[in-house]
Structures are given as C-alpha cells and as structure tokens.
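Chemist: After the structure tokens below, expect a handful of questions from me.
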Amino acid sequence: MFALYKDAGYQDVLVEEKQALFDQVTQDMRYPETLYGCYECGICVAACPSARFYDFSPRVFAQVMAREDVHTFYELLNDSVWDCSQCFSCTCCPRENNPGAIITIMREVAVNNGLASAKEALQAYSRIIFKIMSTGTQVSPDMLQPDFFPDWGQDVRDVAENLDVWRRAIPPETMHTVELAWDVSEKTRLELYMIWKLTGNLEMIENIDEGLFMILEEVMEELLEEHGYDIDDFDNILED
Ligand code: SF4
Ligand code: SF4
C-alpha cells in the first residue's frame, strides 16, 4: 500500500485498523464536500497560521486523503491533527477543498474511537470543559496575573491589583465579576447541557475522560434537581 511518507510511524499497527479509521472519515456525510482533488499549489499552507508555528501542512491532509494513504493518515490522526487552529483560512483553496473540515472529521473519529493520542492531546482541555459547563464561561478576568504575563510590564500588575474596580467600571452589570467573564444564567447553562447532550458532545467527553464526564453529570444533576428536573428523564426536560 502506498505511503506518502516512507518513514510513516505506527508501523506496528495493523493496516486493517488504520483502514477502518480511514473509512470512518471518508464515510462521514460531510466528507464528500471537503475534497475535490489537489493541485499541490500550497496556497492553503500560505494561509494556514498553524503551518507557521508547527511542522504542519493542510496540503498534506488533502494529499494523503486523495491518495488514500492510510499509513500517513494514521500518523496524522495521532499527531498533526491536533495542531490545527480550526480557523478555516485554508478554504481559500482554488479547488474548493476544505482541509480544516477534513481535520474536524478526523478529530471526531480519533475521539469517538478513544485513541490514546486524542486523550493525551485533550487532557489540558478538561479544566476548560469543566469551567464552561459549571459556569457557562471559559476564561476569567482573574487569570490576568503578572506572573503569567510578565511582558505586559507594570500595566498588568496595576490591573491585577485593582481588578474588581476595573470590572465594576464596565457598563453591563453581568460583567461586574472577577472569577467569571460574566454571569451566565442557570437557564443558559441548562440549555448548554442539553445542546451538548443532544449533539453527542457529552458522549465524546465520556470517551476521552470518563472521570470528567461523571463530574459534569453530577454538577448538572444537582442543577437540574434544583429546578425540579430528573437528569434521567431527559424527554421531560426537553418538553418543558
Ligand atoms: S483550519 Fe487548520 S489547516 Fe486550515 S488554515 Fe486553519 S489551522 Fe490551517
Ligand atoms: S488543498 Fe487546495 S490550496 Fe492546498 S495545495 Fe491542494 S489545491 Fe492547493
């Protein structure tokens, strides 16, 4: 079987296993609209921010998929797939390819199959996922600490020391917060939970980090109970 890179890693993994994952990507309903052949022009690489910082190329994804090179595909699936910023600048492709979308599908396949590389790559995001689910926001103003941003000089120190004052100066009251980017209502958090559940995102989190999944379920169960709902009676929640 042809391999774009002769030294593609994971030679010990059975080709059938690689092929099965490759097929999951190509059989995804979105896949036919991501690849129409490749001129090897490199325009996508010139537009790609990740290509500037990593040994990474959207062109390689288009080439590997077009050539059905399952060996290099498997290597990308376990490594480079996590270097994409998902900005979709590569849609400037003159053949109307969408390497970023190919990567999106590949990431989902990596997660849904519980690949060890995916678990490792996403480990750092557990805290972020927990924060979004439990508070409704991701970053918080109190992350602005002089130790983390030494290049900001004296300004960051002044802001950090008087953060609550700066925050109270912002017109919307929901932003008079220091530990949260803004106050997110419980209704919004419940809606977020339902969206994640219905779109299969919670299932993906369970595949990657069962411990985190259980904590999230616990947090949401408590919140749902406070509002008179039962987490196991999801249809009822949806009806309301
Ligand atoms: S979506 Fe990914 S591959 Fe495409 S330009 Fe952005 S970082 Fe590069
Ligand atoms: S994917 Fe498109 S932009 Fe990138 S090398 Fe191929 S034809 Fe050129």
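The values are calculated or read from the model by the stated rules, or taken from the named source; none is laboratory data. All values reported here derive from a predicted model rather than from experimental measurement. Using ideal geometry, Cβ is built from the backbone for each residue, glycine included, and neighbour counts are taken over all protein chains shown. With ligands, DNA and RNA removed, areas are computed over all heavy atoms of the protein, side chains included. Shrake-Rupley method; radii C 1.70, N 1.55, O 1.52, S 1.80 Å.
Chemist: Per residue of region 75-83, in order, report the coupling 6.51 cos²θ - 1.76 cosθ + 1.60 (Karplus, θ = phi - 60°) as ³J(HN,Hα) in whole Hz, putting x for Gly and Pro.
Modeler: With the stated coefficients, region 75-83 comes to 5, 4, 4, 9, 9, 4, 4, 8, 8 Hz.
Chemist: May I ask you to compute the full-extension gain from Asn201 to Ala116, defined as 0.36 nm times their residue separation minus their alpha-carbon distance, rounded to one decimal in nm?
Modeler: Working: separation 85, 0.36 × 85 = 30.60 nm, distance 1.82 nm.
So the extension gain works out to 28.8 nm.
Chemist: Now a separate question. Excluding Ala62 itself, calculate the net charge of residues whose Cβ lies under 13 Å from the Cβ of Ala62, where each Lys or Arg counts +1 and each Asp or Glu counts -1.
Modeler: Numbers: positive: Arg59, Arg67, Arg95; negative: Glu40, Glu68, Asp69, Glu96.
Combined, the nearby Lys, Arg, Asp and Glu give -1.
Chemist: Further, regarding this structure: Could you give the size of the charge dipole of the chain about its Cα centre, using +1 on the Cβ of each K and R and -1 on the Cβ of each D and E, expressed in debye and rounded to the nearest 20?
Modeler: In total the dipole reaches around 1400 debye.
Chemist: Out of the GluC sites (Glu not before Pro) in region 14-43, which ones are loop residues according to DSSP with at most 16 other C-beta atoms within 10 Å? Kindly include the intermediate steps, with their values, before the conclusion.
Modeler: Details: sites: Glu16, Glu17, Glu33, Glu40; in loops: Glu40.
Listed in order of number, the matching sites are Glu40.
Chemist: Determine the gain in length on full extension of the stretch Ile231-Cys92; use 0.36 nm per residue of separation and subtract their C-alpha separation, reporting nm with one decimal.
Modeler: Extra length from Ile231 to Cys92 when fully extended: 45.6 nm.
Chemist: Just add up the charged neighbours of Leu163: K/R +1, D/E -1, any other residue whose Cβ is under 13 Å from the Cβ of Leu163.
Modeler: Details: positive: Arg157, Arg167, Arg168; negative: Asp142, Asp155, Asp158, Glu161, Asp164, Glu179.
Taking every Cβ under 13 Å from that of Leu163, the sum is -3.
Chemist: Remind me, relative contact order of region 98-199 in percent, using alpha carbon pairs under 8 angstrom and six or more residues apart?
Modeler: Here the relative contact order equals 23 percent.
Chemist: Relative contact order, percent, of the chain when contacts are C-alpha pairs under 8 Å separated by at least 6 residues? Spell out each step's value before the answer.
Modeler: Working: 269 pairs, mean separation 37.2, N = 240.
Once normalised by length, the contact order is 16 percent.
Chemist: What's the magnitude of the charge dipole for region 129-240 around its Cα centre, counting Lys and Arg as +1 and Asp and Glu as -1 at the beta-carbon? Answer in Debye, nearest 20.
Modeler: 720 debye
Chemist: Let me ask something else about it. For the chain, just say rounded, prolate or oblate: build the C-alpha gyration tensor, square-root its eigenvalues into a ≥ b ≥ c, call rounded for a/c under 1.5, and beyond that prolate if a/b exceeds b/c, oblate if not.
Modeler: On the way: a/c = 2.31, a/b = 1.47, b/c = 1.57.
Judged from the Cα gyration tensor, the chain comes out oblate (a/c at least 1.5, b/c at or above a/b).
Chemist: Also, I was wondering about something else. When the accessible area of region 128-240 is split by element with a 1.4 Å probe, what percent falls to carbon and sulfur?
Modeler: Details: 3850 of 7400 Å².
On region 128-240, the fraction of accessible area on carbon and sulfur atoms equals 52 percent.
Chemist: Looking at the chain, which Cys residues are left with no other cysteine's beta carbon under 4.7 Å from theirs?
Modeler: Cysteines lacking a close Cβ partner in the chain: Cys38, Cys41, Cys48, Cys84, Cys87, Cys92, Cys93.
Chemist: Pick out, from Val165, Val45, Leu76, the residue whose Cα sits farthest towards the positive end of the charge dipole of the chain, with +1 on the Cβ of Lys and Arg and -1 on the Cβ of Asp and Glu.
Modeler: Sorting the options by dipole projection puts first Val45.
Chemist: Solvent-accessible area per residue for the chain at a 1.4 Å probe radius, Å²? All intermediate terms of the calculation are to be shown ahead of the outcome.
Modeler: Details: 14270 Å² over 240 residues.
On a per-residue basis, the chain sits at 59 Å².
Chemist: May I ask you to evaluate 6.51 cos²θ - 1.76 cosθ + 1.60, the Karplus curve with θ = phi - 60°, for each residue of region 14-28 and list the ³J(HN,Hα) values in order in whole Hz, giving x for glycine and proline?
Modeler: For region 14-28, the Karplus curve yields 4, 4, 5, 5, 5, 4, 4, 6, 4, 5, 4, 5, 6, 8, 5 Hz.
Chemist: For Glu33 and Arg52 in the same chain, what is the full-extension length gain: residue separation times 0.36 nm, less their Cα-Cα distance, in nm? Please list the in-between numbers first.
Modeler: Working: separation 19, 0.36 × 19 = 6.84 nm, distance 2.63 nm.
The Glu33-Arg52 span can extend by a further 4.2 nm.
Chemist: Ordered by residue, what ³J(HN,Hα) values in Hz, to whole numbers, does region 117-131 give under the Karplus form 6.51 cos²θ - 1.76 cosθ + 1.60, where θ = phi - 60° and Gly and Pro are x?
Modeler: Once θ is set to phi - 60°, the couplings for region 117-131 become 5, 5, 4, 5, 5, 9, 3, 5, 8, 4, 4, 5, 4, 4, 5 Hz.
Chemist: Another question about this same structure. Can you find, among Gln24, Ala66, Met133, the residue farthest towards the positive end of the dipole of the chain? Put +1 on the C-beta of Lys and Arg, -1 on that of Asp and Glu.
Modeler: Going by the charge dipole, the pick is Ala66.
Chemist: Pop a pseudo-label 7 angstrom from the Cα along the beta-carbon direction at both Ser126 and Ile215 and give the gap in nm to one decimal.
Modeler: Here the modelled spin labels are 0.7 nm apart.
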